[in-house]
1. Report yes if B:Ser276 is surrounded by 24 or more Cβ atoms within 10 Å (Cβ to Cβ), out of contact with any Leu (no Cβ under 6 Å at 6 or more places or on another chain), within 8 Å of another protein chain (Cβ to nearest Cβ) and in a helix (DSSP H, G or I), otherwise no.
2. So which residues in the range A:10-25 are more than 7 Å from chain B (Cβ to nearest Cβ) and either closer than 30 Å to A:Gly64 by Cβ or not β-branched (Val, Ile, Thr) (or both)?
3. Can you work out which of the residues in the range A:245-256 that are buried (at least 24 other Cβ atoms within 10 Å of the Cβ) and in a helix (DSSP H, G or I) is farthest from the other protein chains (Cβ to nearest Cβ)?
4. Which one of A:Val202, A:Val225 is more than 8 Å from chain B (Cβ to nearest Cβ) and either touching a residue at least 12 places away in the same chain (Cβ under 8 Å) or within 20 Å of B:Leu47 (Cα to Cα) (or both)?
5. Considering every residue within the range B:238-258, establish whether at least one is over 17 Å from the mean Cα position of the chain (by Cα) and free of Cβ contacts under 8 Å to residues at least 40 places away in the same chain.
6. Going by what's in this entry, would A:Leu291 be described as within 11 Å of chain B (Cβ to nearest Cβ), surrounded by 22 or more Cβ atoms within 10 Å (Cβ to Cβ) and not aromatic (Phe, Trp, Tyr)?
7. Kindly indicate whether A:Ser61 is over 30 Å from A:Ala188 (Cα atoms), away from chain B (no Cβ under 14 Å) and part of a loop (DSSP other than H, G, I, E, B).
8. Condition first: in a loop (DSSP other than H, G, I, E, B) and either of a type outside the set (A, V, I, L, M) or free of Cβ contacts under 8 Å to residues at least 12 places away in the same chain (or both). Can you find one or more residues in the range B:189-205 that meet it?
Amino acid sequence: MSTSTAHSVVEPSRLTRTVAGTLVIVYALVTMVPLAWIFLTGFKTPPDSISYPPKVVFEPSLEGYVNLFTTRTRQTPEYMESLPPPQTWYEELVRSRQMVIAGPSKFGERFLNSVIIGFGSTFLSVFLGTLAAYAFSRFRVPLADDLLFFILSTRMMPPIAVAIPIFLMYRTLGLSDTHLGMIILYTAVNVSLSVWLLKGFVDEIPREYEEAALIDGYTRLQAFVKVVLPQMSTGIAATAIFCLIFAWNEYAFALLLTSGTAQTAPPFIPTIIGEGGLDWPAIGAGVTLFLLPVLVFTILLRKHLLRGITFGAVRK
Amino acid sequence: MSQTQISQRAADRLARSTPPGIARKVRGLSDKAIAWLFIAPTIVLLLAINVFPLIWTVYLSFTDYRANRLNRAVEWVGLRNYERVLTDADIWHNMLVTAHFLFWTMFFQVLIGFALAWLINKNFRGHGVWTTIILLPMMLSPAVVGNFWTFLYQPQIGLFNYVISFFTGADPSSFQMIGSVNLAPWAIVIVDTWMWTPYTMLICLAGLRSIPDYIYEAAEVDRAGPFRTFWSITLPMVMPFLMLAVLFRSIENFKMFDLVVELTSGGPGSVTELASINLKREAFEKWRTGLSSAFAIILFVTVFGAANIYVKALNTVKSR
């Protein structure tokens with residue numbers, strides 16, 4: 001392919017590239033504004049966050065983050081006078097608002113629940129998915145296409161429709177509002193993605209590797225563990241991140257099936273309220289902390305995104 | 001004794017002459033056993049968490065069961081729940097709201113997504129980085145996105161209203177994106193488009209990149225103009241990809257719950273009450289478990305049926 005011919009249809013001209021680049025960059029910047037705004041709001045004081053016109057330049061404050069992690073009570077000036085001087089910077093910050101820290105908020109717990117349920121279900125769904133994907137890829141399984149389609153079709157149910165019988169089932173089994181219950185549920189939802197994605201990755205590993213190993217005297221299982229698994233590692237990592245992001249982001253099941261002990265962050269964040277309405281800086285702080293891991297993972301995953309979002313149907 | 005020795009020797013000879021393909025089945029577990037051992041856990045899990053509940057839902061849909069009244073006798077009501085769902089004006093209203101949401105989100109996402117992909121495919125310098133940035137919104141939690149967009153949509157202090165008033169001169173407190181009956185259906189379309197346009201973009205980009213250069217070169221040799229090339233080569237070749245993107249997004253948006261519930265919770269009134277939102281109300285607020293099971297089955301059959309018809313159409317386009 002020649003790059004010097006300026007009029008070639010295949011190679012866009014420099015002007016075309018500049019115009020295309022400018023338009024895409026403008027779109028990218030505009031699309032980032034909402035995210036940047038919520039990030040900035042996390043560092044505002046409550047009055048700054050609801051000022052008009054919206055403040056772009058402001059004095060940064062950690063009040064949102066302090067409010068996110070604490071519960072506070074308003075006190076009389078006399079009571080504030082009687083207190084010993086504040087020990088820490090965050091106590092000082094809270095007292096400047098005529099309040100004292102009453103204790104930690106539930107955000108830490110909810111965040112931890114998201115981590116436990118996310119990693120637990122990811123581990124299980126990738127484990128099950130790896131085994132099933134290998135079997136579907138390498139062996140002649142009767143009705144393989146039907147089974148694969150069945151696995152995929154479990155994703156077509158609206159979550160609320162699934163939640164009705166699961167709610168009743170979990171109530172009977174005592175799994176409502178437990179980490180185990182949520183891990184099992186998210187595993188069941190994610191395993192379809194996991195099987196489909198991993199099957200695509202296994203399909204790409206040449207069979208000759210295993211066959212050579214089998215001739216060398218390995219058993220099927222040994223060949224799978226020692227030859228195929230290492231080759232699958234990239235695929236497994238990418239699939240794991242997809243499963244983790246799904247479990248991390250999930251809302252409907254968490255809303256309907258958890259209320260306290262096992263509640264994850266997504267249904268909790270919108271309920272953060274301050275005095276006289278929603279505490280936007282605290283919500284901004286919570287949203288920032290919650291979205292940050294996903295942003296990092298997305299950047300790590302960028303080469304495999306296409307596969308992941310199409311269940312492996314489209315590959316580069 | 002001697003006979004067994006002979007037969008052993010025979011077995012040895014047989015084993016030596018057996019091709020490795022068959023011999024490996026003798027060592028360790030057979031392939032068939034491994035296949036089932038590997039697939040069974042997944043199938044069992046799905047049977048327990050998806051199929052069994054689905055069958056239970058079907059059963060419940062024929063009863064008047066209410067999940068909040070445990071001691072009440074459950075009565076078999078036949079098809080009455082289905083009849084009630086299908087003749088319920090509110091549910092038909094939900095379906096209209098869902099159709100509006102589905103149509104316009106797909107319309108904008110296909111249009112903008114394709115345009116972006118087309119521009120990115122011009123391979124300007126740094127396109128990789130900008131593509132990754134554009135992709136970020138779709139990986140976020142829809143509920144959390146819905147939640148923080150309510151902040152951007154605040155009547156006076158919200159950034160969205162401020163930006164609109166900055167460019168149009170309208171008073172930022174004169175319109176409410178979420179509070180107004182006319183604007184709320186568009187408010188949810190805007191957020192969904194913001195979040196999911198990258199999805200169509202990414203799949204279209206894969207489609208554009210799958211077109212081999214020689215086809216364009218041949219078109220140039222044949223003196224096809226840029227419009228002709230676009231209509232006769234680019235568009236038809238990207239079409240299967242575009243249709244796949246629309247399929248996946250339509251299924252997701254038909255089920256849409258989290259984003260819209262956090263953004264408008266179906267309001268004002270019920271102008272943004274999508275089918276899933278009403279389903280949640282029927283099932284978990286009014287506790288009409290039987291009726292909502294029938295509703296759920298109808299929704300599932302609709303998605304499943306529509307998806308199957310669509311996949312047939314997709315295959316026709318692909319095979320052309």
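1. Details: surrounded by 24 or more Cβ atoms within 10 Å (Cβ to Cβ): yes; out of contact with any Leu (no Cβ under 6 Å at 6 or more places or on another chain): yes; within 8 Å of another protein chain (Cβ to nearest Cβ): yes; in a helix (DSSP H, G or I): yes.
Considered against the rule, which asks whether it is surrounded by 24 or more Cβ atoms within 10 Å (Cβ to Cβ), out of contact with any Leu (no Cβ under 6 Å at 6 or more places or on another chain), within 8 Å of another protein chain (Cβ to nearest Cβ) and in a helix (DSSP H, G or I), B:Ser276 comes out as yes.
2. If the condition is that a residue be more than 7 Å from chain B (Cβ to nearest Cβ) and either closer than 30 Å to A:Gly64 by Cβ or not β-branched (Val, Ile, Thr) (or both), then A:Glu11, A:Ser13, A:Arg14, A:Leu15 are the ones that fit.
3. Filtering the range A:245-256 down to residues buried (at least 24 other Cβ atoms within 10 Å of the Cβ) leaves A:247-251, A:254-255.
Next cut, in a helix (DSSP H, G or I) only: A:247-249, A:254-255.
Values: A:Ala247: 11, A:Trp248: 7, A:Asn249: 4, A:Ala254: 9, A:Leu255: 8 Å.
Among those residues, the one meeting the criterion is A:Ala247.
4. On the way: A:Val225 fails: either touching a residue at least 12 places away in the same chain (Cβ under 8 Å) or within 20 Å of B:Leu47 (Cα to Cα) (or both).
Just a single option satisfies the conditions, and that option is A:Val202.
5. Here is the first cut: in the range B:238-258, the residues over 17 Å from the mean Cα position of the chain (by Cα) are B:238-239.
Filter once more, keeping what is free of Cβ contacts under 8 Å to residues at least 40 places away in the same chain: none.
Scanning the range B:238-258 turns up no residue that is over 17 Å from the mean Cα position of the chain (by Cα) and free of Cβ contacts under 8 Å to residues at least 40 places away in the same chain.
6. Values: within 11 Å of chain B (Cβ to nearest Cβ): yes; surrounded by 22 or more Cβ atoms within 10 Å (Cβ to Cβ): yes; not aromatic (Phe, Trp, Tyr): yes.
For A:Leu291, the condition - within 11 Å of chain B (Cβ to nearest Cβ), surrounded by 22 or more Cβ atoms within 10 Å (Cβ to Cβ) and not aromatic (Phe, Trp, Tyr) - is met.
7. Details: over 30 Å from A:Ala188 (Cα atoms): yes; away from chain B (no Cβ under 14 Å): yes; part of a loop (DSSP other than H, G, I, E, B): yes.
It is true that A:Ser61 is over 30 Å from A:Ala188 (Cα atoms), away from chain B (no Cβ under 14 Å) and part of a loop (DSSP other than H, G, I, E, B).
8. So in the range B:189-205, the residues in a loop (DSSP other than H, G, I, E, B) come out as none.
No, the range B:189-205 has no match at all.
The values are calculated or read from the model by the stated rules, or taken from the named source; none is laboratory data. Bear in mind the structure is a predicted one, so any value in this text is a computation, not a measurement. Don't worry about glycine lacking a Cβ; one is built from the backbone with ideal geometry, like all the others, and counts go over all protein chains shown.
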